[in-house]
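Input: a single structure, listed below in structure tokens.
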Amino acid sequence: MNRGKPLKRTKGVRPEQRRFLIYCEGACTEDQYFKGLRTDLRSLPVAICLGGEHGEPKSLVRAAIDHQKRAPHSAGDRWTEYDEVWCVIDVEAPVPHEGLTAVLKLARQHGVEVALSNPCFELWLLLHFKDMSGYCTSAAAQRALERLDTCGYSVDRKHLEYESLRAGHGQAEQRAQVLRQRATKGHADNPWTDVDRLVGLLRAARYGGRPGSRERGNR
């Protein structure tokens, strides 16, 4: 009896991972944080870049837009555009960045997501260790993080030890969500951050599961 050809066992094909491009303002703090997170995520393709003029959000967003446009033609980007493009931006306080609303509009027009912190990224780091509820300036947030003496942060050299932040991610995410729930003016409220949206998305892309809400909310 002709039993036909023997069945061949085919190997499962691992779905291609999403590729992320993250542009940061800070040459030290944000850069060190996301590089530490990238090490945790291992095989997830995440490119971390510094761009634009430091402290100028519009130039940062334009740098991210230009990078995404040239990615399909760049060997350094594997001749492939990125699935997710993000900019990490500080609102700053006591004097917020001028034209931030226009910057957010520019980002949306080009499919660039923005992770905002008011007053600054150091707020997101503080939330790994404590609740934050009262208004604070950028300088005050930086001094508060330094005084904690828990992650090697120094205002002068902006050093950061990512390992000490790892265990506090869940609490930081919850605290950030609470701040947004209390807010009445979106990112204009202080303190406020949605960096957890980006971090949650990265972790979900690597480990599976559902990330936190990707809605921009009241910005």
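Structure notes:
- For His97 and Thr137, the difference between the fully extended length at 0.36 nm per residue and the C-alpha to C-alpha distance is 13.1 nm.
- Every pair of different Cα atoms in region 43-82 enters the Kirkwood calculation, which places the hydrodynamic radius at 10.9 Å.
- For region 9-148, carbon and sulfur atoms together expose 49% of the accessible surface, with a 1.4 angstrom probe and every protein chain in place.
- Alpha carbon Rg of region 90-150, scaled by the compact-globule rule 2.2 N^0.38 Å: 1.28
- Sorted into 5 angstrom bins from 0, the C-alpha pair distances of region 115-165 split as 4, 22, 36, 24, 12, 1 percent.
- Restricting the calculation to Cα atoms, region 62-130 yields a radius of gyration followed by a Dmax of 14.8, 45 Å.
- Karplus-based coupling profile of region 152-166, in residue order and whole Hz: x, 6, 9, 4, 5, 10, 6, 7, 8, 9, 4, 4, 6, 8, 4, with θ = phi - 60° in 6.51 cos²θ - 1.76 cosθ + 1.60 and x standing for Gly or Pro.
- Comparing Val195, Val155, Val114 in a Gaussian network model of the chain where C-alpha atoms under 10 Å apart are linked, the largest mean-square fluctuation is found at Val155.
- Residues with amide H under 5 Å from that of Val85, placed H, sequence gap 5 or more: Leu21, Glu113
- Region 31-106, Rg to Rh (Cα coordinates; Rh as Kirkwood inverse mean 1/r): 1.01
- In order along region 184-189, the phi-based Karplus estimate (6.51 cos²θ - 1.76 cosθ + 1.60, θ = phi - 60°) of 3J(HN,Hα) comes to 10, 10, x, 5, 6, 6 Hz; Gly and Pro are listed as x.
- Potential lengthening between Ala75 and Ala204 on full extension [0.36 nm per residue; Cα-Cα distance subtracted]: 43.7 nm
- Altogether, the Stokes-Einstein calculation at 10 °C and 1.306 mPa s, with the Kirkwood radius of region 103-215 over Cα pairs as Rh, returns a diffusion coefficient of 107 µm²/s.
- Chymotrypsin sites (Phe, Trp or Tyr not before Pro) restricted to region 52-100 and DSSP loop, no more than 13 other C-beta within 10 Å: Trp79
- Taking every DSSP bridge with both residues inside the chain, close to 10 percent are antiparallel.
- Ordered from highest to lowest accessible area with the whole protein assembly present and a 1.4 Å probe, Arg197, Arg180, Arg157, Arg70 read as Arg157, Arg70, Arg180, Arg197.
- A straight chain from Cys49 to His110 at 0.36 nm per residue would run longer than the Cα-Cα distance by 20.2 nm.
- When only alpha carbons of the chain are considered, Rg and Dmax amount to 19.7, 85 Å.
The values are calculated or read from the model by the stated rules, or taken from the named source; none is laboratory data. What you are looking at is a predicted structure, and each value in this text was computed from that prediction instead of being measured. Glycine gets a Cβ as well: all are built from the backbone with ideal geometry, and neighbour counts include every protein chain shown. Accessible surface is based on the protein model in full, side chains and every heavy atom, while ligands, DNA and RNA are left aside. Shrake-Rupley method; radii C 1.70, N 1.55, O 1.52, S 1.80 Å.
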